[in-house]
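Throughout, read-outs are computed from the coordinates displayed, never taken from laboratory work. Predicted model only: the values in this text are computed from it and were never measured. Here the Cβ positions follow ideal geometry from the backbone for every residue, glycine too, while neighbour counts run over all protein chains shown.
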Amino acid sequence: MKRRGFLRSSLAVGVTSSITGLTSCIDASSKFSADLTDLSASELSIAIRDKHASCVEVMQAYLNRIQTYNPVYNAIISMADDDDLLNQAFDADQALSRGEYHGWMHGMPHAVKDLIPVAGLRFTSGSLMFADQIAQDDQAIVTSMRDAGAIIIGKTNVPEFGFGSQSYNPIFGATSSAYNPNLTAGGSSGGAASGLATHMLPVADGGDMMGSLRNPGAFNNIIGFRPSSNLVDGIAPEPRLLSTLGPMGRNTEDTIRLLKTISASPVAEQFSPLNLQDIKLAWMGDFDGYLPMEPGILDLCESNIMTLAEAGANVENIMPVIDLPDLWFSWTTLRHNSREGMLDFYNNPTTNSLLKPEVVWEIEQYLSLSENDVARANMIRGNWYRELDDLFTSHDFLVLPTSQVFPYSKETPWPTEINGRAMDTYHRWMEVTLYASLGGLPTVNVPVGFDNQGRPMGMQIIGNYGEDQKVLEFALAYEQITDHLAQRPNLIAAN
């Protein structure tokens, strides 16, 4: 096989060639089995499709990498049997030999976030009450990925029921940032992000209510994209859903490919880097001191905003007119109001004792709500919609830091203070993510670099509702003028 030549071939599968020049940066003296996990998902797809690498080789390379690094980073859980996975990979090779190509994920290993059922695999949601549950059916996005050729190898770790941006639970423990195994990977898609950044996965799925695709993206120096709230589900509810499924990638191109695969609504075929000349960015920073920020975060973001300005973008410092504490009230009220379905767990003494305190607290907050609270929250949300409409009349994107803190100790459930200011709830430190979530807006985390301790950070590029393509095309352009994604972690192998 001409195993290196394919890296110089044209991709020609939905992302313009101008942004997918495939130049190998792999040392020719290294073993090809190791090279396979270094390839982007898009490059790997070509290698398999054009038979420069077999599906069995790919599967073995990823299983070897998982064996080497997963005991340290704890990203992938509930693995399927190795022999069964290799047999599935062999079957994928046999299909190719017959001219049967299932799609861009043909023969690629994939692990699914453990808030999503996969037939035949454990489906715990990080909760002891479901520690032994085996899913009977695939969720729709799993079916879509299988239809595209993916081989499901296991699940990715999450916080209990996805509550909180720290992926730990009493069944599997905590997941580490790829850049420091002592620090959290974020959450709730923490296992997905860490597995991706450690190259134990080619691409990853996740979900986002309060930054659960964006925050782990920032904490692992990868792309995390929260789509418009109707894109993946294929419905346009009103009010817009607070949470949505979405893709993560080692680069924007891979993220786009997975988005196309899992979306029920149509996604544009062609994506090209946005022309940054005269693009109007509304930089909101910390909202003039309203949001506490760990020192160094704003500096990193503003350095990259300067890079964008030098590339031709127009940047304006903007403060929303709306009362920010009102938005916090609206967000928390609507979030708590969505916990009605968990009442049975709360009311049953056996299952109540298995819930972590933050879950119990959210359910109790739901019980304390009045109809007037919910009505006021929806009124404020409507006001936010109208202000967003005004902001996007004069700006292409809103820009905020992705997190208010750098990755912190994985032994810490959640930050109790930021820069000397106490956090009054377990999720107050993630307040910076709610503005996009409350609007149901497409938002991509793009990396901004590292602090002097080597901790990664990102910033949110927020687009108008339905302008998912524009947001992702901005991210493609951003990759062309920055090199943060090329700064890979120095991983620690298991003993």
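The table below lists the values:
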item: Cα coordinate range in the stretch 328-438, projected on the principal axes (Å, largest first); result: 54, 38, 21
item: Total charge dipole magnitude, the stretch 402-484, about the Cα centre, Cβ charges on Lys, Arg, Asp, Glu only, Debye to nearest 20; result: 180 debye
item: Mean Cβ neighbour count within 10 Å, used as a protection proxy, ranking 319-327, 50-58 highest first; result: 50-58, 319-327
item: Separation of alpha-carbon centers, the stretch 157-210 and the stretch 347-364, rounded to whole Å; result: 22 Å
item: Long-range HN-HN contacts of Val315 with modeled amide H, under 5 Å; result: Leu281
item: Dmax and Rg, reported as Rg then Dmax, of the stretch 83-144 (C-alpha, Å); result: 14.3, 45
item: Values of log10 I(q)/I(0), in the order q = 0.13, 0.16 Å⁻¹, for the stretch 270-406 under a Debye, Cα-only, solvent-free model; result: -0.78, -0.96
item: Kirkwood hydrodynamic radius (C-alpha pairs) into Stokes-Einstein, the chain, 4 °C and 1.567 mPa s, D in µm²/s; result: 57 µm²/s
item: Karplus (6.51, -1.76, 1.60) ³J(HN,Hα), θ = phi - 60°, over the stretch 176-184, in Hz, Gly and Pro reported as x; result: 9, 4, 4, 8, 6, x, 8, 10, 6
item: Helix-only mean residue ellipticity at 222 nm for the chain, each DSSP H run of n ≥ 4 adding -39500 (n - 2.57), per residue, nearest 500; result: -11000 deg cm²/dmol
item: Net charge dipole size for the stretch 119-262 [Lys, Arg +1 and Asp, Glu -1 on Cβ; Debye, nearest 20]; result: 280 debye
item: Packing-based ranking, highest mean first, of 151-157, 452-458 given that Cβ atoms within 10 Å are counted; result: 151-157, 452-458
item: Cα centroid separation, the stretch 40-54 to the stretch 117-136 (Å); result: 32 Å
item: Magnitude of the charge dipole, the chain, Cβ model with Lys/Arg +1 and Asp/Glu -1, debye to 20; result: 1000 debye
item: Debye intensity ratio in log₁₀ form over the Cα atoms of the stretch 272-316, taken at each q of 0.17, 0.23, 0.31 Å⁻¹; result: -0.54, -0.82, -1.10
item: For the stretch 113-127, 3J(HN,Hα) per residue [Karplus equation, 6.51 cos²θ - 1.76 cosθ + 1.60, θ = phi - 60°, Hz, x = Gly/Pro]; result: 3, 7, 9, 10, x, 10, 3, x, 10, 4, 9, 9, 6, x, 10
item: Theoretical gain in end-to-end length, Thr425 to Glu238 [0.36 nm per residue, Cα-Cα removed]; result: 64.5 nm
item: Lysine-lysine proximity count for the chain, Cα under 22 Å, sequence distance 8 or more or distinct chains; result: 13
item: Selection from Asn230, Gly449, Tyr290, by position along the positive dipole direction of the chain (Cβ); result: Gly449
item: Evaluated at q = 0.11, 0.12, 0.17, 0.21 Å⁻¹: base-10 log I(q)/I(0), Debye formula over Cα of the stretch 208-358; result: -0.65, -0.77, -1.38, -1.45
item: Label-point separation in nm, Met306 to Trp361, each point 7 Å along Cα→Cβ; result: 3.8 nm
item: Directionally averaged projected area (convex hull, Cα atoms, the stretch 152-248), nm²; result: 6.2 nm²
